[in-house]
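The values are calculated or read from the model by the stated rules, or taken from the named source; none is laboratory data. Keep in mind it's a predicted model, so treat the numbers as computed, not measured. All Cβ positions, even for glycine, are placed from backbone atoms using ideal geometry, and neighbour counts span all protein chains on display. Remember, those area values only see protein heavy atoms, side chains included, never the ligands or the DNA or RNA. Shrake-Rupley method; radii C 1.70, N 1.55, O 1.52, S 1.80 Å.
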Amino acid sequence: MTTGSDTIIVVEDDHNISDLVAMYLRREGFRILQADDAEQGLTYIERESPKLLIVDIGLPGALDGLELCRQVRKTSDVPVIILTARDDEIDRVLGLEMGADDYVTKPFSPRELVARVRAILRRAGAGTTKAEPVITEVGTVVVDTGRREVLCAGDVVALTTREFDLLAYLVANRGLALSRRQLLDGVWGEGWYGDERTVDVHVRQLRKKLGDELPLTTVWGVGYRLG
Ligand code: CA
């Protein structure tokens with residue numbers, strides 16, 4: 001458990017890719033555990049409380065990477081980076097809304113993956129090390145950036161790391177119409193080269209989880225506005 005904070009679990013049955021990813025991340029000082037399939041991955045995840053997961057979609061056995069991700073999301077908001085092999089898989093990643101924080105398309109450069117890992121962990125850590133807790137009420141939704149907690153009509157709502165960051169960013173820029181590009185830069189980071197549809201997927205998730213309690217408006221031709 002003491003090493004859990006530095007541990008990244010790589011779930012990928014292609015050993016060439018898994019070893020390469022592991023090598024690059026070890027150089028960064030992370031402890032890496034490699035799992036060949038989703039079941040082994042789940043065992044490691046339960047045992048190690050990892051800091052981040054890297055999960056390939058195409059895995060042997062009963063569960064593929066997306067199913068693994070969905071299982072993990074039931075109990076944990078650990079950041080997940082999905083590895084995909086094909087474009088139509090990206091549509092599945094975005095379309096299924098299974099709570100991944102980022103995705104990387106094969107073939108990818110290990111350096112780029114390391115940069116993504118760093119960016120995600122920087123953001124995930126930012127909320128916990130920040131000194132001043134800010135509690136904002138938006139309608140009946142209460143956003144507590146100190147505790148990284150969201151209450152909807154008094155009940156705690158489980159958000160993924162990215163969903164929370166997006167909501168916190170919208171709250172910080174309340175009343176302003178924000179473009180998808182601005183949201184990507186502000187929430188995903190300026191080095192993020194993903195699809196703008198990613199924003200829509202996460203907004204959809206926020207709306208699903210917080211419902212009409214969240215006064216989040218679509219600004220046609222621009223993006224989104226809170227309040
Ligand atoms: Ca694979």
Flag if ARG123 is at pLDDT below 90, open to solvent by 30 Å² or more (accessible area, probe 1.4 Å) and of a type in the set (Lys, Arg): yes
Going through the stretch 214-226 in order, the residues found to be touching a strand residue (DSSP E or B) at 6+ places or on another chain (Cβ under 9 Å) and loosely packed, with under 15 Cβ neighbours inside 10 Å are PRO215, THR217, THR218, VAL219, VAL222
Of (1) touching a helix residue (DSSP H, G or I) at 6+ places or on another chain (Cβ under 7 Å); (2) touching a residue at least 40 places away in the same chain (Cβ under 8 Å), TYR169 satisfies every one except (2)
Go through LEU63, LEU68 for me and flag whichever is open to solvent by 20 Å² or more (accessible area, probe 1.4 Å), within 16 Å of the ligand (Cβ to nearest atom) and in contact with a helix residue (DSSP H, G or I) (Cβ under 6 Å, 6 or more places away or on another chain). LEU63
Being assigned to a helix (DSSP H, G or I), surrounded by fewer than 18 Cβ atoms within 10 Å (Cβ to Cβ) and modelled with pLDDT under 90, is that true of even one residue in the stretch 74-81? no
Might you check whether a residue that is among the aliphatic types (A, V, I, L, M), under 19 Å from GLU137 (Cα atoms) and in a helix (DSSP H, G or I) occurs anywhere in the stretch 199-208? yes
Could you check, for the stretch 137-157, whether at least one of its residues is assigned to a helix (DSSP H, G or I), among the basic types (Lys, Arg), under 18 Å from the mean Cα position of the chain (by Cα) and crowded, with 19+ Cβ neighbours inside 10 Å? no
